[in-house]
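Working notes, beginning with the structure itself.
The values are calculated or read from the model by the stated rules, or taken from the named source; none is laboratory data. Please read these numbers as outputs of a predicted model, since none were measured by experiment. Because the Cβ atoms are built from the backbone with ideal geometry, glycine has one as well, and the counts that use them run over all protein chains shown. In case anyone asks, the SASA skips ligands and DNA or RNA and just uses the protein heavy atoms, side chains included. Shrake-Rupley method; radii C 1.70, N 1.55, O 1.52, S 1.80 Å.
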Amino acid sequence: MSLIFVPVIYFFLILDAHLVNIPFTDDFNLLETVYNFQHAPDFTSKIKVLFEQVNQHRFAFERIVMLVMVFFTGTVNIKAQILIGNLALLGMAYLLFKSLKKESLSFYYFIPVPYLLFSLIYWENAYWGIAALQNTPLIFFAFLTAYAVGKGDNRGYILGIAAALLTTFTSGSGLLAWIIGFVILLFQKRFKLAAGWILAAVLIILFYFLFDYQVVPATGEKVWTHSLFNFIFVLGFWGNGLYLDIRHPLVSQFHPDLILCVLLGGLIFLLFLAWFLRILTRRITVWSDWFLWGAMMFSMGTGAMFVISRPLNNYFMFGGNVFSRRYMIFGVALLATVYICLIILVKNWQIWRKWIAVLVGASFVILNFVSYYLSIVQVRKMHDDLVIDSYHWKNYSTFLTAGDLFGDIPFWNHPTRMKNLVNALESQGLTDFYQFNTIPPHQELLTKTNTGRKFSGNFNATFHYRNTDNNIPTRYYRFTVNPAAGSVAPSYFVFSSDTLNLVLPAVPVPNKFGDFMKTGSYYGDSYQYGLFNLKLPKGQFRVYILTKAQEDWKSEFTGKSIVIK
């Protein structure tokens, strides 16, 4: 039994070690609505703020969680918000476990599931405040809808409506919960309740699209324009649990892991059909049949909605800016569900069942390890970027974590909105944005920290051309520092010109796999930071290394200068 809890424990321990109470991009949008809710003049205005539209979404659930947090603590703690969102993983795991037990199968067959669910395959979703509180509860509420309706009793029906309501107002794709619940009720031949379900759905949908809603027009090509490419794309989305956390530049050859995503998506589709056939041919169905069917329908339907909204005109396997890592949570949830279905389908073939459990279990453990090995450094980089964000905002009026250009700010570079929002949130106590802002102002940075000594390690700067998220080849800089043995670890690079001292994090570089196995240490002795030249000011800069000895910041000149073009 302890094997089930091991991945859960280290998942939350690693998150806890890296999370910081700092908003990231769209988090500011939700914080703004919390502030507006507090200052809304009347009940109607508060309801408008609570259900305010963001793209096609209405984030009422997320806002309620944040408002409850404010009610009890007086502030919004992004770290707590992320952990609360990730707790929905436990709910998903519990429902999948119950399905296995309903079939009288040993808990041993459940052991692979937490190694998949509690991994860093979807690290962006696990670490980002709005994503953790949106996508993970969204999937859990959809699972809960299918579970409740599948129970086949009146209590389950009422719970199903409540869960569908939560799903709807967590994210736009939550509207699928009403379709899934209706389909399950139809196949259960509970026609009277299905009519009531439709009535509730119509009322909710009318409110969703008629109450203070603005239609977002679709742009770009239609999904059927390149139907083959987009069918492959949806298969890739369903199988994105195998989408490795490595670069996938747009090239004219297939990336191996993206081929595996498509093949896995095809297998998932076949297993979905096999499960549907099982439901049609079973003389007596149980709630787990309906729950697992509904759970698959939701994850697969979300993938289909994603592809419809962002169709491709080329092969998914060519790579490029296909989707970000937060969407891997849907592929992971789907893969875990399909595994449970597969074990149940081969329930009466003991040898097959055991071999499938062993092979899938080994694959999930390997995936878990690979996800941590590839992505812990990404989580560390995000942590370091967020910690320095307030310094960039205060000193350069920009964010390191937002925008494509140096000087970009959230809310489409509006001249005053972000400044006014940060000031309002800080004055209201809703954020503690400047908690890590201990470095001297950039104009005084070297005056107050320069020791006069030359840095004893080695600094190097390189660049190459890399495709941006928009698949445009752009100069990409990588700065590397190797400190002398026994010296204090570097915290930041400082690039100094006559008008600007730019501070960038020095992120430790992971050991290569062979060195990792030999030393047992994840990080090596080097520190790096890489970014596109668009995010850097142009000019010639002297390079310093900034370290923190006890409570004092110390900078040392590397003896080198760089020119950023």
| message | Restricting to the range 199-222, name every residue that is modelled with pLDDT under 85 and either among the aliphatic types (A, V, I, L, M) or farther than 14 Å from Ser309 by Cβ (or both). | response | Val215, Val216, Ala218
| query | So which strands (runs of 3 or more DSSP E) stay within the range 498-565 end to end and still have 2 or more residues that are over 32 Å from the mean Cα position of the chain (by Cα)? | reply | 539-549, 552-564
| query | Which residue out of Leu3, Leu67 is open to solvent by 30 Å² or more (accessible area, probe 1.4 Å), in a helix (DSSP H, G or I) and at pLDDT below 95? | reply | Leu3
| task | Report yes if Ile376 is crowded, with 17+ Cβ neighbours inside 10 Å, within 20 Å of Val113 (Cα to Cα) and modelled with pLDDT of 95 or more, otherwise no. | result | no
| field | Single residue of the range 230-245 satisfying the filter (not in a helix (DSSP H, G or I) and not charged (D, E, K, R)) that is least open to solvent (accessible area, probe 1.4 Å) | value | Gly239
| task | Would you check if there is a residue in the range 395-411 being assigned to a helix (DSSP H, G or I), touching a Phe, Trp or Tyr at 6+ places or on another chain (Cβ under 6 Å) and open to solvent by 30 Å² or more (accessible area, probe 1.4 Å)? | result | no
| note | Filter the range 186-196 for residues that are part of a helix (DSSP H, G or I) and farther than 27 Å from Val307 by Cβ; the one that is least open to solvent (accessible area, probe 1.4 Å) is Ala194
| said: On the basis of being open to solvent by 60 Å² or more (accessible area, probe 1.4 Å), within 16 Å of the chain's Cα centre (by Cα) and either closer than 30 Å to Ile366 by Cα or at pLDDT 95 or above (or both), does Asp26 make the cut? | reply: no
| query | Does any residue of the range 318-327 turn out to be modelled with pLDDT of 95 or more, of a type in the set (D, E, K, R), under 23 Å from Asp469 (Cα atoms) and part of a helix (DSSP H, G or I)? | reply | no
| said: Give all pairs with beta carbons closer than 8 Å in which a residue from the range 478-490 that is at positive phi and open to solvent by 50 Å² or more (accessible area, probe 1.4 Å) meets a residue that is modelled with pLDDT of 95 or more and of a type in the set (Ser, Thr, Tyr); count only pairs at least 6 apart in sequence or on separate chains. | reply: none
| said: Residues that are open to solvent by 30 Å² or more (accessible area, probe 1.4 Å), assigned to a helix (DSSP H, G or I) and either in contact with a Leu (Cβ under 8 Å, 6 or more places away or on another chain) or modelled with pLDDT of 95 or more (or both): does the range 51-61 have at least one? | reply: yes
| query | Going by the structure shown, is Ser526 farther than 20 Å from Val377 by Cβ, among the polar types (S, T, N, Q), crowded, with 16+ Cβ neighbours inside 10 Å and in contact (Cβ under 8 Å) with a residue 24 or more places away in the chain? | reply | no
| request: Considering only the range 246-271, state which residues are of a type in the set (A, V, I, L, M) and open to solvent by less than 20 Å² (accessible area, probe 1.4 Å). | output: Leu258, Ile268
| request: Specify the residue that is farthest from Ser106 (Cα to Cα); the eligible residues are those in the range 331-351 that are part of a helix (DSSP H, G or I) and modelled with pLDDT under 95. | output: Ile351
| In the range 412-440, the residues that are surrounded by fewer than 15 Cβ atoms within 10 Å (Cβ to Cβ) and of a type in the set (D, E, K, R) | Lys419, Glu426
| Selection within the range 153-167 - under 28 Å from the mean Cα position of the chain (by Cα) and open to solvent by less than 10 Å² (accessible area, probe 1.4 Å) | Gly160, Ala163, Ala164, Thr167
| Looking at Ile84, Ile121, which one is within 15 Å of Phe11 (Cα to Cα), open to solvent by less than 40 Å² (accessible area, probe 1.4 Å) and within 19 Å of the chain's Cα centre (by Cα)? | Ile121
